[in-house]
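This report refers to the structure that appears directly beneath it.
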Amino acid sequence: MDASILNYVFPNDVHAHWTLMIVIYPYITGVVAGAFIVSALAHVFHVKALEPIAKFALIFALSWLIFVTAPLLNHLGHPERAIWMLFTPNFSGPSMMAGFGYIYMAYTILLIFEILYIYRADFIELKKTTTGFKRVLYGVFTLGTDDESKKGLEIDHKISLFLGAVGIPLASLLHGYVGFIFGGVKAVEWWFTPLMPIIFLLSASVSGIAGIILFYIIIKKVTGKISEIKTETIITLVKLLWAFFIFDFVFELLELGVHAYGATSGWHHVSSALHGPMYFSFWIMQIFVLSIVPFFILGYLSLAKVNRKMLFVLSSFVSAMILVQVLFMRWNVVIGGQIMAKSERGFASFHPQLFEKEGIAVTIIMLVAPVVTLWLLSKVFPLWDRVKSSSKK
Amino acid sequence: MSLLRSFVSNIIDFESTPKFEAIEQKMVDRDRRGFIEKVVSGSIGGSLFLMIPMQSSLFAEVLGDNEMITLEENKNKNYAFIVDVTGCIGCGSCCVADRKENNVPDGQYRTWVERYVIDIYDTVYVDSPDGGENGYSVPRDDIKEEVKDAFFVPKLCNMCEEPSCVQVCPVSATFTSPDNFVLIDKNHCVACGYCVQACPYGVRFINEQTKTADKCTWCYHRVRKGKLPACVNACPTGARKFGDLNDPQSEVSQIMDSKEILTVLKKELGNEPTLYYIGASQEVV
Amino acid sequence: MNSPFSFTKRLILIFIVIIVLVIIGREYFLPDSWGMYGNYRGNAVHEEANRSLVYGTNNSCESCHEEVYDMKRVGVHHRLSCEICHAPVTEHVDGNKKIADMPVKIGDAQSKLCLTCHQKVLGRFEKFPMIEYPKHLEDQDVKLTHDCNVCHTVHAPLESMKYIKKLRTLKEKVQE
């Protein structure tokens with residue numbers, strides 16, 4: 001019997017409402033949260049091997065944070081009313097999506113403040129040696145002050161430590177609430193699990209760490225400064241990535257496993273989707289090609305003695321794979337949940353077009369824009385070394 | 001046998017005209033007001049202005065300017081919407097009426113009718129061509145097995161007492177009114193689509209013209225004017241029933257008080273829907 | 001040279017300004033009727049309630065079309081909404097004035113309309129009057145070009161059957 005005659009989807013449910021924009025939104029916030037955790041490990045937990053990239057991680061996080069609202073504003077039917085999320089949030093639901101306004105605002109303030117503290121001393125030096133627009137910018141970032149005392153540096157250090165520490169739960173919240181947005185929807189069996197915030201958070205950390213590895217190596221290679229990278233930094237990052245990834249993968253499989261074991265009628269519908277329209281994106285791509293294969297590569301890189309060149313090549317490669325895996329994971333959650341239609345008797349459809357309001361071209365632009373922004377920000381925020389003081393103390 | 005079937009079979013007994021004439025006479029003899037009230041309006045309890053056919057005020061009545069039930073009065077009503085699956089003939093009149101009454105864009109549905117066909121091997125086939133709006137004159141020719149049972153199921157907002165949609169709206173644009181109707185503030189909704197995802201019944205959608213969320217409101221604007229929802233008014237067999245449970249004379253009260261088995265959809269989700277079905281077998285989701 | 005605390009003080013000031021802007025913004029932008037009945041814009045309830053009707057009820061037709069109304073209400077079509085076969089009353093009258101003719105279906109369009117309900121379709125309950133078309137015309141031995149109204153007078157479909165049956169018995173008697 002042709003399965004299509006059994007297919008039935010409620011008339012309003014036929015096409016997915018949440019599109020690529022909703023796939024990349026958690027992706028972008030995930031990268032932000034993950035990059036911040038790397039920087040917190042360096043700053044707050046003093047993991048020495050990560051110190052060279054501590055500042056880079058923050059600027060990396062900032063360049064993605066700037067674009068967090070873009071996919072959402074593009075998706076909304078009335079983006080001009082978006083401010084209501086801030087002014088009339090639904091706290092009696094409470095609506096998890098309403099958390100967006102305040103959590104995003106708080107986290108943006110925290111990240112920018114922390115960056116300003118960490119770069120303050122650098123900017124005061126740079127103010128002296130630059131001219132024109134850049135000089136004005138540095139003046140703004142230092143809020144018009146030019147204190148160079150030791151006490152000032154101590155204050156910078158203490159407060160940025162404090163902000164880094166507070167930032168860890170806040171970054172977790174920034175991405176955890178997204179997981180709750182899905183996890184709290186009982187109408188969609190594929191989403192409704194208490195593990196959802198945890199899975200989202202772990203895969204966010206994974207994407208942030210992978211992004212940092214990849215771009216660290218690429219930027220240093222492109223600027224001809226690859227020799228400046230310390231091997232132990234990459235090895236620590238790789239081990240961190242492997243550890244987080246193991247947890248992420250285990251939780252994803254656990255969720256699947258317990259539901260499959262329980263085999264409720266809702267699960268039967270999910271299972272037929274996983275073996276039907278989602279077979280390629282879930283089993284082939286997310287699980288096999290982009291989880292199992294990287295698991296072994298990361299294991300090899302973490303446990304075996306690998307020469308520097310091989311390490312850099314393989315870790316860039318596997319980081320790129322992980323970045324794609326996290327994108328597939330978001331796709332499978334967001335799109336998959338909608339494909340498994342509420343009629344429990346069929347599958348909805350989703351066919352993104354290249355040139356439409358929420359289509360593929362716009363998605364690519366929104367994913368490339370943070371990288372371009374990173375490059376622009378690097379012109380203003382020195383990514384690596386402390387700016388040496390030009391005056392004698 | 002359901003109440004509707006016995007009611008209809010009493011009226012439509014066209015095997016012998018003498019019996020028809022007897023029934024006809026009974027109807028004419030019955031009190032005119034009571035008759036119209038029961039049959040035409042389907043029992044909105046005690047609304048005087050539906051009954052008295054005065055020339056000039058009738059047009060005002062149509063447009064409802066001075067005949068509104070106030071919010072306070074409406075809070076004292078306990079409305080119920082009951083759908084009798086055994087009475088639905090899949091004509092689509094309800095969908096036609098709803099589309100016009102509420103300006104629903106083509107391809108989007110505040111209400112729709114599904115057709116269930118069950119074969120002798122208990123395989124269930126469900127479809128809803130154009131939401132059932134054009135009726136079901138074309139049979140399902142893709143079903144090869146012998147058919148055991150077939151019926152039509154109207155779908156609309158379940159007007160939950162614990163609505164998932166209200167819980168998830170980030171800007172409080174959808175809410176439960178003081179008189180227990182779940183409504184949407186079209187001037188406030190940002191169309192994020194979260195309510196559409198959260199509704200277990202698929203009755204919400206993003207209206208492509210207003211670019212806000214939209215759904216069946218049980219014709220709140222009609223009910224506040226003492227009228228029936230458009231789909232109930234249009235239903236030729238009375239499969240859709242609407243009334244006030246506080247009025248013991250209403251059809252819905254009588255059904256609630258009877259031994260008729262009423263079910264709701266997706267009860268296990270805990271939304272406490274107040275849309276009840278008569279005759280919806282377990283295949284209906 | 002500023003004090004070591006001046007940067008922090010200015011940053012705190014910026015933080016406070018942001019908070020104040022949010023608070024002032026909310027006060028300024030919040031709609032007046034917010035919170036009237038709950039955590040939502042109260043006027044939305046009234047706006048929805050005041051939305052104008054498109055359809056009326058069968059009573060809307062009565063005052064001008066009393067004869068048809070009376071004929072219909074004692075027939076088997078008493079439950080049918082006039083506006084479904086015709087059109088919403090607000091497309092026909094506005095206030096006290098007729099603004100357009102009511103559409104009336106005739107011929108093939110009429111048969112099609114009647115068949116929307118009365119065609120024999122799988123899923124309709126047995127006691128519901130259903131026919132197969134055009135077999136019904138053949139079975140009743142009438143012209144295939146007849147629309148439903150010829151025999152059925154759609155407002156009271158079985159009413160005219162009495163007279164048609166009388167005509168038929170007469171015809172048979174004559175033929176004998």
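Within the set of pairs 6 or more residues apart or between chains, which connect a residue that is without any contact (Cβ under 8 Å) to a residue 40 or more places away in the chain inside the range C:60-79 to a residue that is surrounded by fewer than 17 Cβ atoms within 10 Å (Cβ to Cβ) and basic (Lys, Arg) with Cβ atoms less than 9 Å apart?
C:Cys64/C:Lys98
Looking only at residues in the range B:186-205 that are surrounded by 24 or more Cβ atoms within 10 Å (Cβ to Cβ) and under 30 Å from B:Ile69 (Cβ atoms), which one is farthest from the other protein chains (Cβ to nearest Cβ)?
Looking at residues that are surrounded by 24 or more Cβ atoms within 10 Å (Cβ to Cβ) and under 30 Å from B:Ile69 (Cβ atoms), I get B:Cys195.
Looking at (1) open to solvent by 40 Å² or more (accessible area, probe 1.4 Å); (2) touching a strand residue (DSSP E or B) at 6+ places or on another chain (Cβ under 8 Å); (3) assigned by TED's automatic domain parsing to the domain that holds C:Cys114, can you tell me which one C:Asn39 breaks?
That leaves (3) as the condition not met.
Among residues belonging to the range A:163-172 that are open to solvent by 20 Å² or more (accessible area, probe 1.4 Å) and of a type in the set (Gly, Ala, Ser), point out the one that is nearest to the other protein chains (Cβ to nearest Cβ).
A:Ala165
Give the range C:94-132 a look and list any residue that's open to solvent by less than 100 Å² (accessible area, probe 1.4 Å), charged (D, E, K, R) and either part of a strand (DSSP E or B) or not assigned by TED's automatic domain parsing to the domain that holds C:His77 (or both), or say none.
Passing the criteria: only C:Asp94.
Name the residue that is nearest to the other protein chains (Cβ to nearest Cβ), counting only residues in the range B:170-185 that are hydroxyl-bearing (Ser, Thr, Tyr) and touching a Pro at 6+ places or on another chain (Cβ under 9 Å).
Step by step, filter the range B:170-185, then rank; the result is B:Ser172.
Could you figure out which of (1) within 30 Å of A:Lys158 (Cα to Cα); (2) facing chain B (nearest Cβ under 10 Å) isn't true of C:Ala49?
Failing condition for C:Ala49: (1).
For the condition of a type in the set (Phe, Trp, Tyr) and within 16 Å of A:Pro11 (Cα to Cα), what is the one hit in B:Tyr121, B:Tyr109, B:Tyr79?
B:Tyr109
State which residue pairs qualify: first residue at pLDDT 90 or above and inside the range A:377-393, second residue of a type in the set (Gly, Ala, Ser) in any location, beta carbons under 6 Å apart, and separation of 6 or more residues or different chains.
The qualifying pairs are A:Leu377/A:Ser63.
Would a scan of the range B:162-169 turn up a residue that is touching an Asp or Glu at 6+ places or on another chain (Cβ under 7 Å), surrounded by fewer than 22 Cβ atoms within 10 Å (Cβ to Cβ) and either farther than 30 Å from A:Met97 by Cα or more than 7 Å from every other protein chain (Cβ to nearest Cβ) (or both)?
Yes: one or more hits.
Is it the case, given these coordinates, that B:Leu228 is part of a loop (DSSP other than H, G, I, E, B) and surrounded by fewer than 24 Cβ atoms within 10 Å (Cβ to Cβ)?
Here the answer is no, as B:Leu228 does not meet what is asked.
I need the full set of residues from the range A:70-81 which are more than 15 Å from A:Ile22 (Cβ to Cβ) and within 7 Å of chain B (Cβ to nearest Cβ), in order please.
Selection gives A:His78, A:Arg81.
From the residues in the range B:170-181 that are buried (at least 24 other Cβ atoms within 10 Å of the Cβ) and without any contact (Cβ under 8 Å) to a residue 40 or more places away in the chain, which one is farthest from A:Trp84 (Cα to Cα)?
By that ranking, first place goes to B:Phe175.
In this structure, is A:Leu20 at pLDDT below 95 and crowded, with 22+ Cβ neighbours inside 10 Å?
In short, no.
If a residue has to be outside any helix (DSSP H, G or I) and either of a type in the set (Gly, Ala, Ser) or under 18 Å from the mean Cα position of the chain (by Cα) (or both) to count, how many in the range A:294-336 make the cut?
Number satisfying all stated conditions: 1.
Mind checking which helices (runs of 4 or more DSSP H) fall wholly inside the range A:173-276 and carry at least 2 residues that are open to solvent by 10 Å² or more (accessible area, probe 1.4 Å) and within 14 Å of chain B (Cβ to nearest Cβ)?
Per the criteria, A:265-274.
Can you tell me which residue is farthest from the other protein chains (Cβ to nearest Cβ) among those in the range C:143-163 that are open to solvent by less than 50 Å² (accessible area, probe 1.4 Å) and aliphatic (A, V, I, L, M)?
Among residues in the range C:143-163 that are open to solvent by less than 50 Å² (accessible area, probe 1.4 Å) and aliphatic (A, V, I, L, M), the one farthest from the other protein chains (Cβ to nearest Cβ) is C:Val154.
The values are calculated or read from the model by the stated rules, or taken from the named source; none is laboratory data. Since this is a predicted model, take the numbers as computed values, not measurements. All Cβ positions, glycine included, derive from the backbone under ideal geometry; neighbour counts span all protein chains shown. Just the protein is used for accessible areas: all its heavy atoms, side chains included, with ligands, DNA and RNA removed. Shrake-Rupley method; radii C 1.70, N 1.55, O 1.52, S 1.80 Å.
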